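Notes follow once the structure below has been shown.
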Amino acid sequence: MNFAQSEKEVIVPLLPIESSKALMEEPGVTSITFYRGDMARAIAYVRARFREIVDANPWLAGRLVRDKQNKNVQLVHPQTPVPDDVIDRLFHPNPSQLRIGSEMRYEELSKATKSAVLNKGRKLINKPDPVTRITILPDVNRPDDGFALIFSLSHIVADGQTYYQILNSLSVTETIQSLRTERNLGASEKAVNAVGKKEYNFSFSAPMFFNAFKGMIFGKKAECFAFYVDVDKVKKAKAGVTTNSTSRKEFVSTNDILTSSFAKAIRARLCMMAINFRNRIKGIVDTDAGNYEGFLLYDEETYGWPSKIRKTLQEGPPFRTTSKSLPGFWAGCLCKLGQITNWATFAGDLVFEGCERQLHLPMYNTGMIPFDCAIVFRPMPGKLAVMYFAKTVGREELLSSCELSEPVSTRVFQ
């Protein structure tokens, strides 16, 4: 198939990590936000606003291609202004085949929204499917005044920051910005050096893939829990670090504390914490669209104390996050792993005129969870929560080990 550039298209070579097997197996980064308000009015507003966002970022209307002449996957997108028929392929108002409700259990919600979630990256290659999908549909539990917005963006072209920069732009309170689509190809080597070549290679090694495969196929199915963060418990944890510091000025973040307590609760051999490389690596800034993130590998000696996690970040790249040698081949295949990522840092309030936001949730297929995972997110403006995809620990153990309070929703979560 020939994907030569036409006069009306732009070709963007993607980063090596965006062509990796790991990202190729990931579905689109997706969230669902429930509202009360006039759905028809919201549809009209969102479509008009989305058209402006796509004109400022025409790569959102792109498709993924791979040919024999190029090692990496490429993003091919139209020039601006983007034609209306292309916008119509990205925007799905009130699809008849979808039925979702704000009182569905998370697992049911995940299954019900499947057709609104973009496919795995490898299934988009050399297909006409665009890398973006936005859906608005009624809330079956509140058909008269409730609706939901589902936004899905292929992980091949976007990490968490890029995802929320686009989603946030739908809000009446935000300014639309044009993100830089051209990849900083030199950043890939810098990112590898930042996390450490041994650590980076281990993250993409055969033992890691086998460990993940084993967890998905033979492991217990993940249970999904979501709890608000207990502000008082976090304050107490921060005060404890300050009190025990010789300088009495030691700082730890809420994310340091939540990462430490999660990793200790699951008793991980290694806990992978997502890190954003923007403004940490020279030449990568907030306006760079793409996957400029990675994972730092923490072992028990470092994740055991929030202050040690903070120290590794303060010292900067190359990050030193482990005290022991990395697991060997068989240990890597069998050891207990965990992963935590923070969506809350990037999330905005997503305000629509005349509508009241009820609940915002990350969406992920619980059947694809390989090991214990956690997502820090904002279900409501000004409120912080953690969603756990738990495979080796239960609800009560998480509550007793982590800085948590009440469930985000007693109807959606167990």
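Placing +1 at every Lys and Arg Cβ and -1 at every Asp and Glu Cβ, with all other atoms neutral, what dipole size does the chain have around its Cα centre, in debye to the nearest 20?
Numbers: 54 positive and 44 negative charges, 255 e Å.
Here the chain has a charge dipole of around 1220 debye.
Give, rounded to the nearest 20 debye, the magnitude of the charge dipole that segment 287-414 has about its Cα centre when Lys and Arg contribute +1 at Cβ and Asp and Glu contribute -1 at Cβ. Intermediate results must be reported in sequence, preceding the final value.
Numbers: 12 positive and 14 negative charges, 43 e Å.
The calculated dipole for segment 287-414 is roughly 200 debye.
Just list whichever of 123/324; 111/336; 8/198; 71/324; 236/336 have alpha carbons separated by over 32 Å in the model shown. Show your work: numbers first, answer last.
Numbers: 123/324 38 Å; 111/336 27 Å; 8/198 43 Å; 71/324 35 Å; 236/336 29 Å.
123/324; 8/198; 71/324, as the Cα separations exceed 32 Å there.
Give me the dipole magnitude in Debye, nearest 20, for segment 113-158 about the Cα centre, with unit charges on the beta carbon: positive for Lys and Arg, negative for Asp and Glu. Write down the numbers at each step before the final one.
Details: 7 positive and 4 negative charges, 94 e Å.
My answer is approximately 460 debye.
Taking residue 311 as the anchor, which lysines have their alpha carbon closer than 16 Å to its alpha carbon, excluding any fewer than eight residues away along the same chain?
Partners within reach: 238, 249.
Of 10, 196, 253, which is farthest on the positive side of the dipole of the chain, counting Cα position, with +1 on Lys and Arg Cβ, -1 on Asp and Glu Cβ, and the Cα centre as origin?
196
Can you list the residues, at least 5 places off or on another chain, whose amide H is less than 5 Å from the amide H of residue 100, using H built in the peptide plane?
Result for residue 100 returns 140.
If you take every residue apart from residue 31 with its C-beta less than 13 Å away from the C-beta of residue 31, what net charge results, scoring Lys and Arg +1 and Asp and Glu -1?
Working: positive: 133, 357, 378; negative: none.
Net local charge, residue 31 excluded: +3.
Residues in segment 151-185, backbone N under 17 Å from the label point at residue 11 (7 Å along the Cα-to-beta-carbon vector): list them, ranges by number please.
Under 17 Å, as judged by backbone N against the label point of residue 11, lie 182-183 of segment 151-185.
Report the Cα centroid-to-centroid distance between segment 167-222 and segment 6-36 in angstrom, as an integer.
11
Check residue 293: other-chain or 5+ apart residues with amide H under 5 Å from its amide H, H built from backbone geometry?
Residues meeting the criterion, in which the H sits 1.01 Å from N, are 277.
Quick check on the chain: helices-only [θ] at 222 nm, where DSSP H runs of length 4 and up contribute -39,500 (n - 2.57) each and the sum goes over total residues. Nearest 500, please. Each step should come with its number before you reach the end.
On the way: 14 runs with 127 residues, N = 414.
Dividing the helical sum by the residues of the chain leaves -8500 deg cm²/dmol.
Below 14 angstrom from the Cβ of residue 231, what's the summed charge of the other residues (Lys, Arg +1; Asp, Glu -1)?
Details: positive: 233, 235, 236, 238, 378, 383; negative: 230, 232, 403, 406.
Net charge around residue 231: +2.
So how far, in whole Å, is the C-alpha centre of segment 78-112 from the one of segment 275-293?
29
Please list the non-local residues whose amide H lies under 5 Å from the amide H of residue 31, H modeled 1.01 Å from N, same-chain partners needing a gap of 5 or more.
Excluding prolines and chain starts, which carry no amide H, the hits are 151, 363.
Every number in this text was worked out from the coordinates using simple rules, so none of it is lab data. Nothing here was measured: the structure is a model prediction, and the numbers come from that model. So basically every Cβ, Gly included, is an ideal-geometry build from the backbone, and we count neighbours across all protein chains shown.
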